[in-house]
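Derivation of every value follows stated rules applied to the coordinates shown; laboratory data play no part. Values in this document were obtained by computation on a predicted structure and should not be read as measured data. Cβ placement follows ideal geometry from the backbone for every residue including glycine, while neighbour counts extend to all protein chains displayed.
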């Protein structure tokens, strides 16, 4: 009897390891919380293709955008906790939605419904200005904003979007008051910056590098703690008057809460291997100025918690609400 009980115990202990060793034995579905063709989709498809090659199994990308990225996250949170349903989402899904919506509205609890696997890539943002705005650097912008509070306009890609939140972060840290102009997409806002209809915005550095070189706008500062290798002459915002300021959009990978840690670790190791492949970096990362964010599940979970706390403070202080 004791021997039988011992065998049962050993089976229970060894089952998760055996399950992880054979994972994946069938197709894996990756839900993307944005429409096809966007950056989130591009990241998911590039990583998914690499994993499919490594696993010898199809990695199916399913775009489920809308509702502030909630629908795609719901699909993953409600799936079987076996690692066969993954989520690729932009930072807001992980760190902003918990501040904007209750668990009842989200349809899941971010802490327990999703299991973080790893960060994927970070896209540093730039603080850009219209050529018509009489400033040449971040210090000039801060001085003008303090001289004329609530008159300098900035574009967003909607309330709660990365361009919106990063400008709110800048205004908070620089202690200035700016006027938000909300658009339905970053491209529309950027066009109006170049046309001189609005003054400034925060947007992906890779998107404004060429307009900057063509003198269609000014880059006042890069939202990273070190200068961009592709634009070494442009200072960071942090070194130009707002110490510690960072502005980036990042993308992460998660699966259903309750998925065995062994499977999470297996996916994490394979993603890290893919992201560290020199050919993958040269083909996918470098041309788009992406920075790798691969980390352990524990490190990524801690990063999400820290970012959630930081953004929750800004959301409270700025009294941001979403309908």
**OP:** Return, ordered by residue number, the residues of region 193-224 whose backbone nitrogen is under 17 Å from a label point located 7 Å along Cα→Cβ of residue 288.
**Re:** 203-210
Subject >> For region 88-103 and region 256-319, distance of Cα centres in Å >> reply: 14 Å
**OP:** Mind giving me the FRET efficiency for residue 213 and residue 184? R0 is 30 Å, r the Cβ-Cβ distance, nearest 0.05 is fine.
**Re:** 0.65
Subject >> Helix 297-318 vs. the chain, principal-axis angle (Cα, 0 to 90°, nearest 10) >> reply: 40 degrees
**OP:** Divide by every residue of the chain the summed helix terms, -39500 (n - 2.57) for each DSSP H run of at least 4, and state the resulting mean residue ellipticity at 222 nm, rounded to the nearest 500 deg cm²/dmol.
**Re:** -13500 deg cm²/dmol
Original post:
For Cα Rg over 2.2 N^0.38 Å, the choices are (i) 1.10; (ii) 1.24; (iii) 0.92; which was calculated from the structure?
Top reply: (i)
Subject >> Computed label-point distance, nm, for sites residue 35 and residue 53 using a 7 Å Cα→Cβ extension >> reply: 3.0 nm
Original post:
If r is the Cβ-Cβ distance from residue 60 to residue 177 and R0 is 45 Å, what FRET efficiency results, to the nearest 0.05?
Top reply: 0.45
Original post:
Taking the DSSP beta bridges in the chain as the whole, what percent of them are antiparallel, to the nearest 5?
Top reply: 60 percent
Subject >> Beta bridges per DSSP with both ends in region 124-240, % antiparallel, nearest 5 >> reply: 55 percent
Subject >> Potential lengthening between residue 281 and residue 197 on full extension [0.36 nm per residue; Cα-Cα distance subtracted] >> reply: 26.5 nm
Subject >> Extension reserve of the residue 319-residue 239 stretch, reckoned as 0.36 nm per residue once the Cα distance is removed >> reply: 26.0 nm
Original post:
So what is log10(I(q)/I(0)) for region 127-248 at q = 0.10 1/Å, when the Debye sum runs over its Cα atoms only?
Top reply: -0.24
Original post:
How large are Rg and Dmax for region 232-320 when only the alpha carbon atoms are used, in Å?
Top reply: 16.8, 48
**OP:** Could you work out how far apart the two model spin labels at residue 151 and residue 299 are, taking each label as a point 7 Å from the Cα in the direction of the beta carbon, and quote it in nm?
**Re:** 4.7 nm
**OP:** Please arrange 227, 78, 45 by counting, for each residue, the other beta carbons lying within 10 Å of its beta carbon, fewest first.
**Re:** 78, 227, 45
